[in-house]
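Reviewing the structure listed below.
The values are calculated or read from the model by the stated rules, or taken from the named source; none is laboratory data. Owing to the predicted nature of the structure, the values given are computational and were not obtained by experimental measurement. No Cβ is skipped: glycine too gets one built from the backbone with ideal geometry, and neighbour counts run over all protein chains shown. To get the accessible areas, we keep the full protein, side chains included, count just its heavy atoms, and leave off ligands, DNA and RNA. Shrake-Rupley method; radii C 1.70, N 1.55, O 1.52, S 1.80 Å.
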Amino acid sequence: MDISRMSNTKKLSLCRIYFFAGFACLPFMWAVNAIWFLREAFFKPPYPEQKQMKRYVVISGIGSLLWLVAVIAWCVVFSLKRSEWGEVADKLSFIIPKGVP
Amino acid sequence: MISRPAYILAKMGAFVLMMTLFVTGGFGTRVSDKIYEDIQGNMACFKRFNGTHEVGCTSDYFGNVGVLYIPKDVSDVHWAVTSGPHDSYILAVEPELFTRQVLMIAKNSSNVRGIIVLHSEDANIPKEESPADTCPSHEYGLYNHSSSSKYANYCPSTEAWNAIGNSLLFESFNFPVFLIMENQSITSIKNCYEEFSMIDSNSKQLQDWPLCALQLHSNMFGTTNTEVCLRRKNNNVLQPVNYCDPIHDYNIVASLLPMEGDLQDSSVIVVAARADAASMFDNISPGADAAVTGLITLLAVAEALGRQQGTATMRKNVMFVLFEGETWDYLGSTTMTYDMSNGNFPFTPRDETDQVSQFNFTHIDFFLELSQLGIHKGAEETLLYLYNDPISNEIPSLSALNKKIYDVLKEKSKKFNVTVDKPVDQNSADFPLPPSSFQSFLKHSNMSGAVLSDHAGKFSNNYYQSYLDDYKNVKFFGNVNGTYDSDMLHIHIARIASTVASAVFSLAAEDASSSSDVKADEMLISDLLVCFLRNVNCTLFREHAGRTLQLYPGYFQEQPAKMYTSVYRGEDILTNITLYLMGHFLGTEINEGKNECWSNITSAIQKFYLPLIGENGTCFSSTARLHSADSPAFTIPGYDFGSGQYPSWTESGWSVTKIRLFLKPNPAEEIALIVSGVFLILATGIVSYWAHKRSETLFVRLPEPAFC
């Protein structure tokens, strides 16, 4: 899809869909939203829908960053504590490495 | 557009490359084969787990690499660990240096990455080497620490049964340990070492690079303990991984007379022996004294008594039992006694038409265990030592029976040149029982019984549970071709078997005075000894292999029997052969063909067909049956593995064990080589790009050829 050919109201509505879809634990929606509409919201000649668009883009960006931090933190903690957590960690694992406690 | 000369060049290049690939791929050797030499005939130390610990050895996922170092003595090992200039060593030691001291120095070092034991045919064998504990399976025995008996700490404080035991079997190493017994492999390793590594035989130092190096690969899948690895095995649905398997095999049970209806109390004499031994290494567990001699004595007794069927009315039945997995905290006897106390022995009751008598402790008259019996002094006479349990011996009725058995054995022994003695310890008191399956029975119920062995006090076996407990340890000189002229062991075993058979027969027969002596078959014993200790591909084993001969042809090679218990569907061929031997000795031939024989088998009637016995094969019907040694730890739902109540040993899974020998260049050279390789690739890319961009000016453009 080429958003440059869309009307400004269409752009805003698309941005809004991505923003609200992201709340369904879909951080990639937010990430895409933030990157995709960044130029549109901040670096294009002003038009009325931009104000609302800026809010969506900023919140999506912050949301996806928070997700990123949370996921990395979980990965690190899980890797470090896996053997300590015993049965719980084994149940959370799809693939358990061979020969590692 | 590519210019013509460039195109031709490219085409020629492609052709040369294709040709090179074709030639090397079709007729040449792989680069890895030119670099590495695979060391054949290696036997790896592997991991095992119990409820709380892991023991054994493992390599890293891609194997451990180190510079080969052959220490001459312990001081050389110290030098390598403290001041050796290389980052990592693989120590290659002679059997005499394979001691706890050396292994512990290696374990606590940061630069020993693995150990191989070079055991050539002419190697000096250490005077003693036992990787078992000083008090084998003590915590699962009758006199464990939590028992209230005054014998709780008898071993080791008064007498350590296996005083030389170094417990290496129960030590955990995070590096691989291998045993190599193939002379050619040992020669390759030593030649490489002498050519490239050794300065001279007096120097501890090694030469300058390149040096001989080894890669040891024996990565174990399981870790931590039985609970963890079994849980992971069972949880892992997406990608099944063999983290570990319970150690498992089958006990063998057979009775002289069929057991039908309700048994009377004290109506069965049990003659038992253990059928397993172990070592630290995969594929080698000869257990000559630890298991084989007792096992063969039991088979010989069974055969001798089986011959007497019909000669006398029997007052008592005789049950022969071979326990599997006794090395692993009395797995076989623990499982059997657990099943007995739950009314599931010999099997869980089913419908009434297919039933044999339920058997439990009350039916046992007395329990006679044939323990280690192989260490002998030669032709003169055979010494046999008898042990009773001093705790149950305080009960008058039991001590009277114990005394009676001792007297009968003593009386019978005189006729066969055997001296039976009841040894006393340093305080002139009776010994408690040595490590024995009988202890598992006494944990459930007091009963009369004795353990017979070749040691008075501590073991006379210097290689208990070692790979060195082989035919040499029991001085067996019968050779593979079946000549026994110089051998004394089979006579020694025959004497014991005759004594035991005669004693048991006179105690079981109705008319004690009529019970003549029962002589064991010396030739059979020597055949059995050859089969177990030298060559499992012997006639006797082939005849009694039944279907396993076709199913596992690879098993039947000239090698000693492996007495290790292994895992479910692991190596139970020997168990089957032993079962058929027992069934043959005690059973009756019935006139049925192959298909008929294998059909109509019920739990009560055991039949098997041996195609190599008789003209067209023979069908046997017997009481000999298998009893699965599934530890209660694995059958009780939600069993607490930390409790230590039942044996819970598992064996780790692994995919490959191998050793590779190669020449390792200076690490700086290795780095330089890889850096220059990377540089070359980048440079070629840059040059190609540059040439492509300037192809118009670099190459002369030929006119397009005209159409014909």
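A crude spin-label estimate for the pair B:D630 and B:E558, with each label 7 Å from Cα along the Cβ direction, gives 4.2 nm.
Note on segment A:7-92: with neighbouring protein chains present and a 1.4 Å probe, carbon and sulfur make up 73 percent of its accessible heavy-atom surface. Working from label points 7 Å from Cα in the Cα-to-Cβ sense, the B:E411 to B:I681 distance is 8.8 nm. For the peptide A:87-98, the mean number of other protein chain Cβ atoms found within 10 angstrom of a residue's Cβ is 5.
For every other residue with a beta carbon closer than 9 angstrom to the beta carbon of B:A520, add +1 if it is Lys or Arg and -1 if Asp or Glu, then tell me the sum. Provide the component values of the computation, followed by the final result.
Values: positive: B:R495, B:K519; negative: B:E303, B:D521, B:E522.
Counting the neighbours of B:A520, the net charge comes to -1.
Solvent-accessible area lost on pairing B with A (1.4 Å probe, both sides summed) amounts to about 1100 Å². When peptides B:200-211, B:560-571 are ranked by their average number of other Cβ atoms within 10 Å per residue, the highest-first order is B:560-571, B:200-211. Qualifying chymotrypsin sites (Phe, Trp or Tyr not before Pro) in segment A:3-101, where qualification requires a DSSP coil assignment and no more than 14 other C-beta atoms within 10 Å, comprise A:F23, A:F43, A:F94.
Relative to the longest principal axis of the Cα atoms of chain B, helix B:331-341 runs at roughly 50 degrees.
Any idea of the accessible area per residue across segment A:7-92, 1.4 Å probe, to the nearest Å²? The answer is 67 Å² per residue. For segment B:228-242, a reduction of at least 30 Å² in accessible area between the chain on its own and the assembled protein chains (probe 1.4 Å) is found at B:R231, B:R232, B:N235, B:N236, B:L238, B:Q239.
Report, in listed order, any pair from A:K91/B:K47; A:K91/B:K443; B:K316/B:K415; B:K404/B:K458 with a Cα-Cα distance greater than 29 Å. The partial results should precede the final answer.
Numbers: A:K91/B:K47 24 Å; A:K91/B:K443 38 Å; B:K316/B:K415 24 Å; B:K404/B:K458 25 Å.
Flagged as over cut-off: A:K91/B:K443.
With a 1.4 Å probe and all protein chains left in place, how much of the accessible area of segment B:488-586 comes from carbon and sulfur atoms, in whole percent? Before the final figure, lay out the partial values.
Values: 1610 of 3420 Å².
Of the solvent-accessible surface of segment B:488-586, carbon and sulfur hold 47 percent.
The helix-only estimate of mean residue ellipticity at 222 nm for chain B, built from DSSP H runs of length n ≥ 4 each weighted as -39500 (n - 2.57), is -9500 deg cm²/dmol after division by the residue total.
Against chain B, whose longest principal axis is taken from its Cα atoms, helix B:74-83 shows a tilt of about 40°. Solvent-accessible surface (1.4 Å probe) assigned to B:M488 amounts to roughly 40 Å². Under 5 Å from the amide H of B:E369 lie the amide H atoms of B:A272, B:A450, B:V451, B:L452, each residue being 5 or more positions distant or on a separate chain, with H modelled from the backbone and absent for Pro and chain starts. Report note on the peptides B:448-458, B:225-235, B:315-325: ranked by the mean count of other C-beta atoms within 10 Å, highest first, their order is B:315-325, B:448-458, B:225-235. Taking 0.36 nm per residue of sequence separation and removing the Cα-Cα distance, the B:W690/B:T52 pair yields an extension gain of 223.2 nm. Computed from Cα positions, the angle between helix B:4-27 and the longest principal axis of chain B comes to roughly 20 degrees.
For segment B:42-53, putting each phi into the Karplus relation 6.51 cos²θ - 1.76 cosθ + 1.60 with θ = phi - 60° gives couplings of 9, 10, 8, 7, 10, 8, 10, 10, 10, x, 10, 9 Hz, in residue order, rounded to whole numbers and with x for Gly and Pro. Ranked by the mean number of other Cβ atoms within 10 Å per residue, highest first, peptides B:572-578, B:285-291, B:413-419 order as B:285-291, B:572-578, B:413-419. Treating r as the C-beta distance of B:Q40 and B:L551 and R0 as 25 Å, the FRET efficiency rounds to 0.45. Here the 3J(HN,Hα) profile of segment B:352-358, calculated from phi with Karplus coefficients 6.51, -1.76 and 1.60 at θ = phi - 60°, is 5, 6, 10, 8, 10, 4, 6 Hz, Gly and Pro shown as x.
Computed from point charges on the beta carbon alone (+1 for Lys and Arg, -1 for Asp and Glu), the dipole magnitude for segment A:7-92 about its Cα centre is near 500 Debye.
The amide H of B:G51, built 1.01 Å from its N in the peptide plane, has B:T226, B:S648 as neighbours under 5 Å, considering only residues 5 or more places off or on other chains.
For chain B, the solvent-accessible area of protein heavy atoms averages 44 Å² per residue (probe radius 1.4 Å; ligands and nucleic acids excluded). Here the 3J(HN,Hα) profile of segment A:52-59, calculated from phi with Karplus coefficients 6.51, -1.76 and 1.60 at θ = phi - 60°, is 5, 4, 4, 4, 4, 5, 5, 5 Hz, Gly and Pro shown as x.
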